[in-house]
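No value in this document is a laboratory result; all are computed from the given coordinates. Everything numeric here is computed off the predicted structure, so don't read it as measured data. So basically every Cβ, Gly included, is an ideal-geometry build from the backbone, and we count neighbours across all protein chains shown.
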Amino acid sequence: MKSAITDQKSPIRDLGYKPYDGPRLSHRGRFQVLFRRNLALAWASTLVKVDLILSMFPMVVCAVIMYLKLAAQKRGLPIKEDPGLWVFNCIFWCQIWFAFTMSLLVAAPTISADVRSGAFQFYFARPVSRMAYLLGKVLSAAVLIASILAIPGLLLAIMRVALAADGGDALTQLPLLLKTILYSVLFTATLILPAFALGALSRQPGYVQGGWAALFFLPWLLGEGIAAATEIPYIALISLPTNLRWIGEALFGVPSSHDLAWYWPTGALLLIVGCATWWVIRRLDRVEVFS
Amino acid sequence: MSQPVVVSEGLCKWYGKVVGINELTVDIPPGVTGLLGPNGAGKSTLIKLLVGALRPSRGKLQVLGQKVWRNRDLLAHIGYCPDHDGVHEDLSGTEFVAFLARLSGVPADKANRRAEETLDRLGLADARHRPIGHYSKGMRQRAKLAQAIVHQPDLLLLDEPLTGCDPLARVQLVKIIKELGDEGKVVIVSSHILHEIEAMTDEIILLYKGQVLANGNIYRIREMIDAHPHKIEIHCDDSRALAKYLVGDQSVHSLAFSNDNVVTVQTRMPDQCYPLIANAALDNGFKISGLNSPDNNLQSIFKYLTEDRSPEGVAQRGTTGGKR
């Protein structure tokens, strides 16, 4: 650019124009601008705030249950499962609903709303790459969804470690923190990237939200139903929540509800999320800005 | 002549089977240049190609000596005001302009100040803290123009910037666009309203069906009209008597009556015909209440150039298009 403007006999200088010589940010930081803007936009929504606040209540219930179980364990009462499993129970069985709602609000409609409103014209007429755009949008949604999943999960995990019977037990439970983080990250990616991929298909945010709900719940219902009826568990691998549950069970050591090894749901989930990521990148890479 | 800022050679853009831009070869010099054409002529397509929002299907396109598509370094030096709103209605004017300034690379600590200065310049000082959703159409247009110039680009692309503006806002925007040109910015502004362009610049590119119909100085293009019948509409108390007076003169090509008081003269020699009409009024006492020349503006040039796009018609005017 510099050579075009300054090194050549520029027609712009012929007219006495003085090019801007102040600082400019590097292109690499552009996603942060979009990230902050998208986060502020989401936070302005009452539904988002309500969802975030409500999502903290199940944690309290789970914490009480975990505390009671730990207290009973200390008194020598027979407890079948380790109370630490309530981290998984809380994330999968309780937080999933709030996290899904959040993905419905902040992930699914993001791209289609930008296409519909014509915001791409403003973004891509600037030095903003498609990847920077995607990164900014994905990260802002990820922060909100991960906070629903990871904050309660981590607090429960910390509580489990803190209330350990002795030092040895506490050390044994320490990996629970890492498992919670890992599971929350996987969960968040699963709730965001397929939703973004759907969002890149339509200009109608409402359709995308409906499609995302259908994609999330229908295979869950059908996959598990047919798998149970036919006794072929592989069929249930089409479901995102089933894969998440089976991975969680393997990760947290919950007694398994199926016969498949952990790598089956992990592979299926990574395949789905990977395809979604590939699709959204491809769509954005090819995007041309129409209005 | 200054080096061209925009160089295109055989540029094509297809939307599937629909042609947006067809073999467009044109150089655009510095200063303010108007892109003129009816809806669907390819003005917005050309501007989007220039800003890298569309990928050329074929041909060469260079802006400031560089290719455009996926050239982020170049985009930092371009300001674009789209025809479509697409703004975040919840943002205030300052927030909107500052946000986009930051996306253009203006550091955070300077973006707000620059946004406010730009909005002040565009007459939105009092409204800059109000949400854009509460702005009038004219104010939105000015806010869009503000985001296009806030990062001080070298090249400014304005797509129908006056659309929807009230007359006062139009005057203000035209003034600002002319000022930007005077400051040395390269401004390319599109419109399908001919007098809008005429008010901003003399340098025009006429687009029609994705092709350059003519380009250059409006007055040079206007000269082409001389060989074409030129209409003069005369409002007179006795149009038939006036017509009888005029009909014998060699400068008069034909006559037509709109009603009893209006006669329209077609002439190939307007320089002779106008004195003839004046003499008619002086010598014979015709009371001429109005004298219009519907041809004497860009509209007539555009109509003249577009009304016959047959191969013969194009061949007759073969020198009007292409590079300057």
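The mean number of Cβ atoms from other chains found within 10 Å of a Cβ in peptide B:175-186 is 2, as a whole number. Counting only cysteine Cβ atoms and a cutoff under 4.7 Å, chain A contains unmatched residues A:Cys94, A:Cys275. As a rough footprinting exposure proxy, the listed residues B:Met139, A:Met56, A:Met102, A:Met66 were ranked by other beta carbons within 10 Å of their own, and the order from fewest upward is A:Met56, B:Met139, A:Met66, A:Met102. Pairs of Cα atoms nearer than 8 Å and 6+ residues apart set the relative contact order; for segment B:6-217 it is 31 percent. Residues of segment B:32-57 falling in the label zone of B:Tyr15, defined by backbone nitrogen less than 14 Å from a point 7 Å along Cα to beta-carbon, are B:39-49, B:54-55. Evaluated at q = 0.11, 0.12 Å⁻¹, a Debye calculation over the C-alpha positions of segment B:74-194 (equal weights, vacuum) places log10 I(q)/I(0) at -0.31, -0.37.
Take every residue in peptide B:103-112, count the Cβ atoms of other chains within 10 Å of its Cβ, and give the average of those counts.
Working: counts 15, 10, 13, 5, 5, 5, 1, 2, 2, 0.
Mean shielding by partner chains, rounded to a whole number: 6.
Remark: spin-label model distance A:Leu68-B:Asn261 equals 9.6 nm, labels positioned 7 Å along the Cα→Cβ axis.
By the equivalent-ellipsoid construction on the alpha carbon gyration tensor, segment A:139-291 comes out with semi-axes of 32, 22, 12 Å, ordered largest to smallest. With the convex hull drawn around the C-alpha atoms of segment A:19-125, the volume per residue stands at 155 Å³. Relative to the longest principal axis of the C-alpha atoms of chain A, give the angle of the C-alpha long axis of helix A:205-230, reported between 0 and 90° and rounded to the nearest 10°. That helix lies at roughly 30 degrees to the long axis.
Rank A:Ile148, A:Ile53, A:Ile91 by mean-square fluctuation in a GNM of chain A with C-alpha springs under 10 angstrom and give only the top-ranked residue. With Cα springs under 10 Å in chain A, the top fluctuation among A:Ile148, A:Ile53, A:Ile91 is at A:Ile53. Remark: the A:Met131-A:Arg203 segment gains 24.0 nm on full extension, using 0.36 nm per residue and subtracting the alpha carbon distance. Placing +1 on the Cβ of every Lys and Arg and -1 on the Cβ of every Asp and Glu, with no other charges, gives chain A a dipole of roughly 1240 debye about its Cα centre. For chain A, the relative contact order works out to 21 percent when only alpha carbon pairs closer than 8 Å and six or more residues apart are counted. Once the Cα atoms of helix A:130-162 and of chain A are each reduced to a long axis, what angle between those two axes, in degrees from 0 to 90 to the nearest 10, is obtained? Once rounded, the angle reads 20 degrees. Expressed as an acute angle from 0 to 90° and rounded to the nearest 10, what is the orientation of the C-alpha long axis of helix B:93-103 relative to the principal long axis of chain B? So the inclination is approximately 70 degrees. Within 10 Å of the Cβ of each residue in B:160-167, the mean number of Cβ atoms contributed by other protein chains is 0.
A simple spin-label model places pseudo-atoms 7 Å from Cα toward Cβ; at B:Ser57 and A:Phe217 they are separated by 4.4 nm.
DSSP beta bridges in the protein assembly as shown, what fraction antiparallel, as a percent rounded to 5?
For the protein assembly as shown, the DSSP antiparallel bridge percentage is about 70.
Candidate cross-link partners of B:Lys287 among the lysines, defined by an alpha-carbon separation under 16 Å and a same-chain spacing of 8 or more, comprise B:Lys244.
Pair-distance distribution of segment A:66-217: all C-alpha pairs, bin width 5 Å, starting at 0; shares per bin in whole percent are 2, 10, 16, 16, 14, 11, 9, 7, 6, 4, 3, 2, 1, 0. When the listed pairs B:Lys60/B:Lys231; B:Lys13/B:Lys144; B:Lys178/B:Lys231 are checked against a 29 Å cut-off, the alpha-carbon distance exceeds it for B:Lys60/B:Lys231; B:Lys178/B:Lys231. Three principal axis extents describe the C-alpha atoms of the protein assembly as shown; from largest down they are 126, 54, 46 Å.
Can you give the convex hull volume per residue for the Cα atoms of segment B:6-217, as a whole number of Å³? Show your work: numbers first, answer last.
Numbers: hull volume 23.7 nm³, N = 212.
In segment B:6-217, the Cα hull volume divided by residue count equals 112 Å³.
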